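Report on one structure; see the data block that follows.
Each reported figure results from applying straightforward, stated rules to the coordinates on display, with no laboratory input. What you see is a predicted model; the values in this text were computed from it and never measured. Here Cβ is always computed from backbone atoms with ideal geometry, including for glycine, and neighbour counts include all displayed protein chains.
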Amino acid sequence: MSALGGVEMEQEPSNPEGTPEVDVSRVLVVGGIGHGKSSFINTVLGEDKCAFGDTWAVDKTITKDIEEVDFQRKNDIITFIDTPSLKTLKSNSKFLDLYKTGFHAIVIVYSIKSYIHPSSSVLKEVRKLFGDEVFRHVLIILTCEDYLGDSTVDEFLNANTELKHFVDRTRDKPVAICNTVEKNSTEANEQRARCLVYLESVLRKNEEPLKEIEKCSCCRKCFSWFTDIVNINR
Ligand SMILES: Nc1nc2c(ncn2[C@@H]2O[C@H](COP(=O)(O)OP(=O)(O)O)[C@@H](O)[C@H]2O)c(=O)[nH]1
Ligand SMILES: [Mg+2]
C-alpha cells in the first residue's frame, strides 16, 4: 500500500482486530533552530499544535524533544515529526527508533530571514545522517517569505549557492511560505494547499520510506575471518 493521501480505496483492508487500516505517512521536519519548523507544521495543520517562539538570538530551542503530531485527513494520516536541533538527533533514542521504521518524506525548513543563523551546516548534517538517498525524499520549505521583499525565490537561491546546489539535486522546487499569516485566512488556506500538493508529490514518488540500513550482525565474525585469511597468506 502506498503512503499516499487522496487515493480512493474500493475496499478497506483490515488488521487482525477487524478495524480498518489507514495509510500513515511519516514526515520528518528538520532545520536550524528558529527557522520555523514548528510554525510550518502549524501552518499545514491550520492550528497551533506545536510550541513555537523567537529564540534565534540565544540559539535555544523551544522544541525540547521530538514531537509527533497527527494530521488526520479523509483517507489517511500524515504524522509530522517536529525536531529540536539536528545535531542532537543522532543520539536521540526516539529518533533512532523512528529512523528504523523510516520516513516517507523529509522536510528541510530553511529561513529566508537574513540575520538568522545560516542553515548550511544543516544541509551538511542532513546528508551526513541520511546519505545521498535523502534527495529522493526531501522537500525544502523556505520560511519567512515576508522577508523576501522585492527579491524573488530564484534570486534568493542564486545568492545562496550551497542551498542552490542542494535544491538542484532534489526532485521538486522549494516552497516559500510565511508562517505568520492569519490562520484560516484565504492566504493561509492557499499556503496549506500549496504545501500539501508539494508534500504529496514527494510521498507519491516514494512508496518505500527512507530508513536506517541494518548493519551486518556478523561483522565481528567477518572481520575475524578476514584477519585469518590475511595471516594465512603471510
Ligand atoms: N516573520 C516570520 N516569522 C516566522 C515565520 N516562521 C516562523 N517565524 C517565527 O520564527 C520564530 C521561530 O519559529 P519556530 O517555529 O519556533 O522555529 P523552530 O525552532 O524551527 O521550530 C517564531 O517566533 C515564529 O513566529 C515566517 O514565515 N515569517
Ligand atoms: Mg520548534
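As an exercise, find the ratio Rg/Rh for the range 67-142 from alpha-carbon atoms, using the Kirkwood inverse-distance average for Rh.
That ratio is 0.97, to two decimals.
If you wrap a convex hull around the C-alpha atoms of the range 135-177 and split its volume per residue, what is the figure in Å³?
61 Å³
May I ask you to derive the FRET efficiency for Leu129 and Thr161 from their Cβ-Cβ distance with R0 = 22 Å, giving the value to the nearest 0.05?
Approximately 0.50, to the nearest 0.05.
What are the principal axis extents of the Cα atoms in the range 103-205, in Å, biggest first?
38, 32, 19
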